Amino acid sequence: MKQYLKIGQIINTHGIKGEVKVYPLTDDIKRFNKLKFVFIKEKDEYKKIDVEGVKYFKNLVILKLQGIDTMNDAEKVKKIYLYIDRENAVKLEKDAYFIADLIGLDVYTLEGECLGKITDVFSTGSNDVYEIKNDNETILIPAIKDVVKEVDIENSVMKIQLLEGLR
């Protein structure tokens, strides 16, 4: 499992006092209210930065981060992803998973046929869709209980029941 999870991407500056506009990569945008700090990845290390303020504008989050005090400072962090460490992640409901934990899982049918690995997760509104790729094909499966029968994050395996027409 990954230690750090992406929660947003800085997409632009906001004002002249160093605030940044963040595109949220989380189901619950209000989770930013509880953030005391975030991490920014620099090379292979994660640098902790305190959050000094949170506001919302349309579907974006406006953050004031410690040490980013001018528009020029904010300009330098555009396009950078923001992370949280796993211990400060939101608690998930039963049978809910972080996308970062699903990407890379080996997917098997209940009969034991290897279908490939999960390479992406798409949100459609009613349910997520998992993209599974192997050397020969790409399969899209709905993330519903009729299809997804077992998820074992520790062993990196998902078992599914392929419904007619999914392949």
Condition (residue is assigned to a loop (DSSP other than H, G, I, E, B) and farther than 24 Å from ASP152 by Cβ) applied to segment 87-106: is it met by at least one residue? no
Hey, can you tell me all the residues within segment 125-167 that are assigned to a strand (DSSP E or B) and among the basic types (Lys, Arg)? LYS133, LYS149, LYS159
So is ASP106 closer than 30 Å to GLU150 by Cα and in the same structural domain as LYS149 (by TED's automatic domain parsing) or not? yes
Cβ-Cβ distance below 6 Å, separation of 6 or more or different chains: which pairs start in segment 50-61 with a residue that is touching a residue at least 40 places away in the same chain (Cβ under 8 Å) and end on one that is outside any loop (DSSP other than H, G, I, E, B) and not β-branched (Val, Ile, Thr)? LEU60/LYS21; VAL61/PRO24; VAL61/PHE32
Suppose the filter is modelled with pLDDT under 95 and out of contact with any Lys or Arg (no Cβ under 8 Å at 6 or more places or on another chain); does LYS34 pass it? yes
State all residues of segment 55-77 that are surrounded by fewer than 16 Cβ atoms within 10 Å (Cβ to Cβ) and either out of contact with any Ser or Thr (no Cβ under 7 Å at 6 or more places or on another chain) or not assigned by TED's automatic domain parsing to the domain that holds GLY8 (or both); if no residue qualifies, say none. LYS55, TYR56, PHE57, LYS58, ASN59, GLN66, GLY67, ASP69, THR70, ASN72, ASP73, LYS76
Of everything in segment 80-110 that's at pLDDT below 95 and charged (D, E, K, R), which residue is nearest to ILE40 (Cα to Cα)? ASP85
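The values are calculated or read from the model by the stated rules, or taken from the named source; none is laboratory data. Predicted model, so just to flag it, every value in this text is computed and none were measured. When we count neighbours, we look across all protein chains shown, and the Cβ atoms used for this are built from the backbone with ideal geometry, even at glycine.
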